[in-house]
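Chemist: If you scroll down you'll find the structure; I have some questions about it.
The values are calculated or read from the model by the stated rules, or taken from the named source; none is laboratory data. The structure presented is a predicted model; accordingly, all values stated were derived computationally and were not measured. Please note: Cβ atoms are built from the backbone with ideal geometry, for glycine as well, and neighbour counts cover all protein chains shown.
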Amino acid sequence: MKNFHILPLNDDLRPALQNKIDNLTKPKGSLGLLEEFALKVGLIQNSLSPQLRKPHNILFAADHGIIEEGVSVSPKEVTWQQLGHFSKGGAGINFLCRQHGFELVLVDAGVDYDIPAGHGIIDKKIRKSTSNFLYGPAMTVEEFNLCLERGADVVSEVALKGCNVISFGEMGSGNTSAASIWMHLLTGVPLPRCIGAGAGLDTPGIRHKLNVLSKALANYDGSGALEEKLAWFGGFELAMAVGAMLKAAELGMVIIVDGFLMTACMLAASVLYPEVGQYAVYGHQGDESGHKLMLEYLKAKPLLRLGLRLGEGSGAVCAYPILESAVRMINEMDSFEAVKVTKYF
């Protein structure tokens, strides 16, 4: 497997950061989570004056063989159609990226379509769609590792532009099935509690999805190795996001984690490399069943609860202004000492 060198955060700066935050002209703790996230970003950057520069949202797209079993209301062609839509600027993630100053990076990780050149979509295609994991592995371990490498390569290119804060999104009909199984395998939460409506399944549809995924797990006859399980039940876009997250942490970036799917990717990344979680800020708690449980398992504090379940990185980008406020707080507020105001706490 591709190796990453992710350093644990240096806690030596924590007392100085906390002292700076506590001595800003406000009652101690009165800015709540802004204070926690200012401390977090300061530790990630090992700086008393952290900065957020050139935010990027990388969106990985791919298709899933399991969709052949009717586990999603979205037909497979929606993946390539939406990817083209993203490239034209009219989708949900597009207006959010424009609003909050993000550069959107589109990556074909394994779309079952020949994406024409000239549309600004990066070609990292492994192959056209994973295989149907009801009957065998979605991808080989070698393909999983290639996904890690290609996801990491995209982040390396973004870092060369000066980006130090990054989020990730996905597009892939049927991908909540893969993420639900990852969640079940990595947390031990019973499978029914990991499965939700995805793009809009009704109650009978969710029951069918549970039946299919339960059969897929029963049919698994691999070695039981972690890497193999992630490959067996994974998606090209999800595995690429895992590699991208690991590279972002290796480069010391702040990672804003999106919803259910990207939280599942961060969960997988943190099982492979526990230190990666120290670089993560969780953008929101979405409406997809299981997301709340996964956040609780990770002991994560999401910034927003807006009932979002779009994916694409939308919740992470929505949360960015709050993270920016935390950084502005630590850099732009005066201290009691500097302005000669008596401490009132």
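Chemist: Mind listing whichever residues of the range 255-277 are among the β-branched types (V, I, T) and either out of contact with any strand residue (DSSP E or B) (no Cβ under 7 Å at 6 or more places or on another chain) or surrounded by fewer than 24 Cβ atoms within 10 Å (Cβ to Cβ) (or both)?
Modeler: Applying the first criterion (among the β-branched types (V, I, T)) to the range 255-277 yields 255-257, 263, 271, 276.
Matches in the range 255-277: V271, V276.
Chemist: Given (1) assigned to a helix (DSSP H, G or I); (2) in contact (Cβ under 8 Å) with a residue 60 or more places away in the chain, identify the lone condition not met by G311.
Modeler: So G311 meets the others, but not (1).
Chemist: I would also like to ask the following. Take the residues of the range 164-174 that are at pLDDT 95 or above and more than 30 Å from Q45 (Cα to Cα): which is nearest to the chain's Cα centre (by Cα)?
Modeler: Taking the range 164-174 as the starting set, the residues that turn out to be at pLDDT 95 or above are 164-172.
If we keep only those that are more than 30 Å from Q45 (Cα to Cα) as well, we get 171-172.
On the way: M171: 12, G172: 14 Å.
Per the criteria, the residue is M171.
Chemist: Yes or no: the range 136-159 includes at least one residue that is assigned by TED's automatic domain parsing to the domain that holds Y282, over 28 Å from E228 (Cα atoms) and crowded, with 18+ Cβ neighbours inside 10 Å.
Modeler: Yes: one or more hits.
Chemist: Name the residue, out of N19, N57, that is buried (at least 20 other Cβ atoms within 10 Å of the Cβ) and either more than 18 Å from the chain's Cα centre (by Cα) or in contact (Cβ under 8 Å) with a residue 60 or more places away in the chain (or both). Let's see the steps before the verdict.
Modeler: On the way: N19 fails: buried (at least 20 other Cβ atoms within 10 Å of the Cβ).
Only one candidate passes the filter, namely N57.
Chemist: So P27 fits all but one of (1) at pLDDT 95 or above; (2) out of contact with any helix residue (DSSP H, G or I) (no Cβ under 8 Å at 6 or more places or on another chain); what number is the exception?
Modeler: (1)
Chemist: Right, another one. Among the numbered criteria (1) at pLDDT below 95; (2) in contact with a strand residue (DSSP E or B) (Cβ under 6 Å, 6 or more places away or on another chain), which single criterion is violated by H119?
Modeler: In the conditions (1) at pLDDT below 95; (2) in contact with a strand residue (DSSP E or B) (Cβ under 6 Å, 6 or more places away or on another chain), H119 misses (2) alone.
Chemist: Can you name the residue in the range 203-241 that is among the acidic types (D, E) and part of a helix (DSSP H, G or I) and, of all such residues, is surrounded by the fewest Cβ atoms within 10 Å (Cβ to Cβ)? Break it down stepwise before answering.
Modeler: Filtering the range 203-241 down to residues among the acidic types (D, E) leaves 221, 227-228, 237.
From what's left, part of a helix (DSSP H, G or I): 227-228, 237.
On the way: E227: 14, E228: 16, E237: 33.
Looking at the filtered set, the residue picked out is E227.
Chemist: Go through (1) farther than 19 Å from V281 by Cα; (2) touching a helix residue (DSSP H, G or I) at 6+ places or on another chain (Cβ under 6 Å) for I255 and report which single condition fails.
Modeler: Of (1) farther than 19 Å from V281 by Cα; (2) touching a helix residue (DSSP H, G or I) at 6+ places or on another chain (Cβ under 6 Å), only one is false for I255: (1).
Chemist: While we're on this one: Can you list residue pairs whose Cβ atoms sit under 8 Å apart, with the first residue in the range 317-345 being exposed (fewer than 11 other Cβ atoms within 10 Å of the Cβ) and the second being assigned to a helix (DSSP H, G or I)? Count only pairs 6 or more apart in sequence or on different chains.
Modeler: Between residues of the range 317-345 that are exposed (fewer than 11 other Cβ atoms within 10 Å of the Cβ) and residues that are assigned to a helix (DSSP H, G or I), the close pairs are T342/F336.
Chemist: Exactly one of these conditions fails for M266: (1) modelled with pLDDT under 95; (2) in a helix (DSSP H, G or I); (3) touching a helix residue (DSSP H, G or I) at 6+ places or on another chain (Cβ under 8 Å). Give me its number.
Modeler: Unmet for M266, out of (1) modelled with pLDDT under 95; (2) in a helix (DSSP H, G or I); (3) touching a helix residue (DSSP H, G or I) at 6+ places or on another chain (Cβ under 8 Å): (1).
Chemist: Write out, first by first residue and then by second, each pair whose Cβ atoms fall under 6 Å of each other, whose residues are 6+ apart or on separate chains, and whose first residue, in the range 64-82, is assigned to a helix (DSSP H, G or I) and among the hydroxyl-bearing types (S, T, Y) while the second is surrounded by 18 or more Cβ atoms within 10 Å (Cβ to Cβ) and at pLDDT 95 or above.
Modeler: T79/A61; T79/D63; T79/V111; T79/M171; T79/G172
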